[in-house]
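What follows is a single structure, written as structure tokens, with notes after it.
The values are calculated or read from the model by the stated rules, or taken from the named source; none is laboratory data. Keep in mind it's a predicted model, so treat the numbers as computed, not measured. Cβ sites come from the backbone with ideal geometry, for glycine too, and all protein chains shown count toward neighbours. All accessible areas refer to the heavy atoms of the entire protein, side chains included, with ligands and DNA or RNA removed. Shrake-Rupley method; radii C 1.70, N 1.55, O 1.52, S 1.80 Å.
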Amino acid sequence: RRIAVLISGSGSNLQALIDAQNTPALPNARIVAVVSNRKAAYGLTRALQANPPIPTAYLGLQPYLKADPSRTRQDYDREIARIVINEKPDLVVLAGWMHIMSEAFLDIVSGEKQLEGAEKVTRPIPVINLHPALPGAFDGAHAIERVYEAFQKGEITHSGAMVHRVIKEVDRGAPVMVKEVEMIAGEPIEAFEERLHKTEWELIVQATAKVLDEIAALEGQHS
Ligand code: GRF
């Protein structure tokens, strides 16, 4: 199974997937591409240092737009989709991708719209996203800080992380897997975040394995 991973930052969740490749945790799965919107994303280094190295691509939004003022955000998302579908992935994983995925990207990855000059998408490629909060609350950016603040105000008693399907409504896709994380009174945010990230590293691997199993089951029905 071919996995494309989109990142923007340190790539610790990407690293969890790299380390799980072809182990019982993530059998017969291979990361075929790592795409980043930030040149400095350490995740790009992790991909190149993997054994075997994983092909990487970088496409920054601002440089792309500055190169031709007639370009739009949708054009950018279509270019990201082009890079992704040309690797013929079975699954796209957003592991700390800091952009909202626009319809333009999803239309192409789902095969609804074909991109001229790109690989043909013959069946929808599922897209999943890792989010450091539980379903239904704390959507969007800076979720960890907002969760921590809510805990301090006594508004919540625990938190967690989820992997959900990516659909056109932001952070509204069905959860694939959720892991709860207890919150401890008086614990500094750094310590909470460390426990949360450790939980994410398990979650991202298990959720990816689960979706790959679902894909295989679906294909089994169709073949
Ligand atoms: C994770 O906490 C993820 O939930 C959020 O961004 C962070 C990515 O961390 N979307 P890393 O780049 O995988 O280390």
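So here's what we get for this one:
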{"read-out": "Residue within region 57-73 that is within 16 Å of the ligand (Cβ to nearest atom) and touching a strand residue (DSSP E or B) at 6+ places or on another chain (Cβ under 8 Å) present", "value": "yes"}
{"read-out": "Extreme residue, most open to solvent (accessible area, probe 1.4 Å), among residues of region 1-30 that are within 13 Å of the ligand (Cβ to nearest atom) and not in a helix (DSSP H, G or I)", "value": "Ser10"}
{"read-out": "Subset tally (residues that are in contact with a strand residue (DSSP E or B) (Cβ under 8 Å, 6 or more places away or on another chain) and closer than 12 Å to Pro132 by Cβ) for region 193-223", "value": "6"}
{"read-out": "Selection count, region 31-56, where residues are away from the ligand (no atom under 15 Å from the Cβ) and among the small types (Gly, Ala, Ser)", "value": "1"}
{"read-out": "Check on Phe138, out of contact with any Lys or Arg (no Cβ under 9 Å at 6 or more places or on another chain), free of Cβ contacts under 8 Å to residues at least 60 places away in the same chain and aromatic (Phe, Trp, Tyr)", "value": "no"}
{"read-out": "Subset of region 44-94 [of a type in the set (A, V, I, L, M), surrounded by 19 or more Cβ atoms within 10 Å (Cβ to Cβ) and part of a loop (DSSP other than H, G, I, E, B)]", "value": "Ile54"}
{"read-out": "In region 31-43, the residues that are touching a residue at least 12 places away in the same chain (Cβ under 8 Å) and part of a loop (DSSP other than H, G, I, E, B)", "value": "Asn37, Arg38, Lys39, Ala41"}
{"read-out": "Conditions (1) at pLDDT below 95; (2) under 20 Å from Asn13 (Cβ atoms); (3) open to solvent by 20 Å² or more (accessible area, probe 1.4 Å); number of the one not met by Met101", "value": "(3)"}
{"read-out": "Only listed residue being in contact with a Pro (Cβ under 8 Å, 6 or more places away or on another chain) and farther than 18 Å from Val127 by Cβ, chosen from Ala20, Ala47", "value": "Ala47"}
{"read-out": "Test: residue in region 213-223 that is touching a Leu at 6+ places or on another chain (Cβ under 6 Å), of a type outside the set (A, V, I, L, M, F, W, C) and over 15 Å from Asp90 (Cα atoms)", "value": "no"}
{"read-out": "Strands (runs of 3 or more DSSP E) wholly inside region 116-223 that include at least 1 residues being open to solvent by 40 Å² or more (accessible area, probe 1.4 Å)", "value": "158-165, 175-182"}
